[in-house]
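Structure, as structure tokens:
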Amino acid sequence: MLKPSSRRATSVDDATSVLFDLPGFVVIECVELSDDVREVLIMQVEDVHRCPRCGVIARNPPFDTRTCRVKDLPFGERLLQVVWRKRRYRCVEGVCAQKVFVERSDQIRPGRRSTERLRRVLARADAETRAYSRVAAEYGVSWWLVNDVAARAAARLPTEPAVVRWLGIDETRTRRVRWHCDPDTGRWGRDEPWMTSLTNLDTTSGPAILGLTPGHHVMTSTAGLGRCQHGVHPNTTSVASTDTARLGSGLRLIDATLRASQSST
């Protein structure tokens, strides 16, 4: 059994780099840090690099290297730690303020500690409307990384609202009822523990969750439609609810709203 502090290196050849499959990188060394943790050391294929400030090609060889840990896709059942050994260059342009710079890669963008292939997988998981904490636990990353990927993906969404043809209305009780006393009137009231979600039942078109609105009374659904980021398409054909008895009148108001939208177009 390996001790936590032991390091056992294995031989590396071109097949290891092919198996790791990160374009533009080669595997230098694979190390077993313990029974549960492995470490792989990678470097970029040596190429021409330019100063990021002035654009002058670095003609001199690198003067040293620096290492940093990078988050990547899981590989196998044991934890795999990826270490990137970067070459550092000196800018040969005398008037350039960027005296030293490191090599760059499209696979690991500057200022990031995660590979682009990992971020693409996290973005696809976020598109499935999964909880950030579960996605982070599955891929061994932080909640903040999943949130950053989701925020960047949301910023790239088109501004044109998605077509919603099958609208779903679902009520969820978020917690127990809480009573509070109004200090001005002395009257008791209760906090509304319900949340109504508007969903797109057509999984092939647009996001699944369209909007959330507090409460579950008659006007909640129509008010939620008014605040919904994506709105409702005039060609919406179906509205489904988990409680048609309670929301019956609200659905009739929604139907009237949809008919008014269709007549205006």
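No value in this document is a laboratory result; all are computed from the given coordinates. Quick caveat: nothing in here was measured; it's all calculated off a predicted structure. Note: ideal-geometry Cβ built from the backbone for every residue, glycine included; neighbour counts use all protein chains shown.
Set the Förster radius R0 to 25 Å, insert the Cβ-Cβ distance between Asp170 and Glu128 as r into 1/(1 + (r/R0)^6), and round the FRET efficiency to 0.05. Display every interim value, and only then the final one.
Details: r = 17 Å, r/R0 = 0.69.
It comes to 0.90.
At 7 Å along Cα-to-Cβ for each site, give me the label-to-label distance between Cys54 and Arg187 in nm.
7.5
How many nm separate the modelled label positions at Asp64 and Glu93, each set 7 Å beyond the Cα in the direction of the Cβ?
In this crude label model, Asp64 to Glu93 measures out at 2.5 nm.
Evaluate the distance, in nm, between pseudo-label points positioned 7 Å from the Cα of Glu138 and of Arg113 along their respective Cα→Cβ axes.
2.4
Quick check: residue separation of Arg156 and Ala15 times 0.36 nm, minus the Cα distance between them. What number comes out in nm?
Gain on stretching Arg156 to Ala15: 47.1 nm.
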